[in-house]
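First up is the structure itself, then whatever we jot down about it.
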């Protein structure tokens, strides 16, 4: 199995902690935080292959956080989780901001892992 | 008093849409937590089938999480139902305390996204007024939105309800960044129309860093 290290960022603590545990049970090294400040600190201190970001975080959007994280670690890849009603709702603005990979909540864990592998294996991070 | 129905209608639709979108996001988030908790219970069950011991406390924690989220969704849907029914009657005798409680509940996600804490202790006694419930909710939201945008470093907005000369008064405090709003029209057009329709009055007390909304009791005529 491909092993990689992922940082999950979502202000719903029960969601992000449980998702991290489920990924860990599948052999994926997953850590989680609930706000942007912690996320940026973690990215400065640790190395991650991938971050999974909520689109809407307190005081900052997931898209803005992605930009800040990329400044610290340009090689990092991203997947967004959105609570929007449908993927179509999210596509317009997100695509312009370079958010090529996203899933609508609630997510299917197998679909998430497939998407994670797709993102990690993509060369530029954008298909 | 005649209402400016074009402005009131537009503002009302915008308000209804904004709250509905926020409610759907909240429900999605709760469903996402339930989905992961149920998924983890399944993961742990599969491990148990393979002979890997499972800590019963983990199972209790996850089932407790599901129950908590079901309650959360129930609260959200109750608020959604109350909000939707507030359009039923153009004029109704309502409890202002309950209306403010509802608007605070509907606004909690917006506050969390801004990093603002809403501090509201509902008074123990009801405060009955006759008004247009939906317009009042819209006006309370616009006041709260303004108060949150001027909350300043404290990042806490306190809501207080008390009796006024005619009707009741809702106070929003502290507004620490009032100078930042200089040049911004206040009250803005939808607020003006809502104030006229509800025979209300809005006042900023810079000394006390306070926004005060006085609500009359007279009905709105079509």
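Out of all the residues in the range A:63-74, is one or more within 12 Å of chain B (Cβ to nearest Cβ), part of a helix (DSSP H, G or I) and touching a strand residue (DSSP E or B) at 6+ places or on another chain (Cβ under 8 Å)? Don't jump to the end; show me each part of the working.
Initially, the range A:63-74 is screened for residues within 12 Å of chain B (Cβ to nearest Cβ), giving none.
Looking for residues that are within 12 Å of chain B (Cβ to nearest Cβ), part of a helix (DSSP H, G or I) and touching a strand residue (DSSP E or B) at 6+ places or on another chain (Cβ under 8 Å), one finds none in the range A:63-74, hence no.
Tell me whether the range A:52-68 contains one or more residues that are over 20 Å from residue A:122 (Cα atoms), at pLDDT 95 or above and surrounded by fewer than 19 Cβ atoms within 10 Å (Cβ to Cβ).
Yes, that holds for at least one residue.
Among the listed residues A:92, A:82, which satisfies the condition of being more than 17 Å from residue A:119 (Cβ to Cβ) and modelled with pLDDT under 95? Break it down into steps so the answer makes sense when it comes.
Numbers: A:82 fails: more than 17 Å from residue A:119 (Cβ to Cβ).
Being more than 17 Å from residue A:119 (Cβ to Cβ) and modelled with pLDDT under 95 holds for just one of A:92, A:82, which is A:92.
All but one of (1) within 13 Å of chain B (Cβ to nearest Cβ); (2) under 13 Å from the mean Cα position of the chain (by Cα); (3) in contact (Cβ under 8 Å) with a residue 12 or more places away in the chain hold for residue A:51; which doesn't?
Tallying (1) within 13 Å of chain B (Cβ to nearest Cβ); (2) under 13 Å from the mean Cα position of the chain (by Cα); (3) in contact (Cβ under 8 Å) with a residue 12 or more places away in the chain, residue A:51 fails exactly one: (1).
Output the residue which, of all residues in the range A:1-16 that are closer than 16 Å to residue A:51 by Cβ and assigned to a helix (DSSP H, G or I), is nearest to the other protein chains (Cβ to nearest Cβ).
My answer is A:15.
Could you grab me the full set of residues in the range B:46-76 that are more than 30 Å from residue B:103 (Cα to Cα), in a helix (DSSP H, G or I) and either away from chain A (no Cβ under 12 Å) or in contact with a helix residue (DSSP H, G or I) (Cβ under 7 Å, 6 or more places away or on another chain) (or both)?
Residues of the range B:46-76 that are more than 30 Å from residue B:103 (Cα to Cα), as a first pass: B:46-63.
Of the ones still in play, those that are also in a helix (DSSP H, G or I) are B:46-49, B:56-63.
Hits for the range B:46-76 are B:48, B:49, B:56, B:57, B:58, B:59, B:60, B:62, B:63.
Regarding residue A:19, is this residue within 9 Å of another protein chain (Cβ to nearest Cβ), in a helix (DSSP H, G or I) and in contact with a strand residue (DSSP E or B) (Cβ under 8 Å, 6 or more places away or on another chain)? Break it down stepwise before answering.
Numbers: within 9 Å of another protein chain (Cβ to nearest Cβ): yes; in a helix (DSSP H, G or I): yes; in contact with a strand residue (DSSP E or B) (Cβ under 8 Å, 6 or more places away or on another chain): yes.
When the stated conditions are applied, residue A:19 passes them.
The values are calculated or read from the model by the stated rules, or taken from the named source; none is laboratory data. Please read these numbers as outputs of a predicted model, since none were measured by experiment. As a convention, Cβ positions derive from the backbone with ideal geometry for all residues, glycine included, and neighbour counts pool all protein chains shown.
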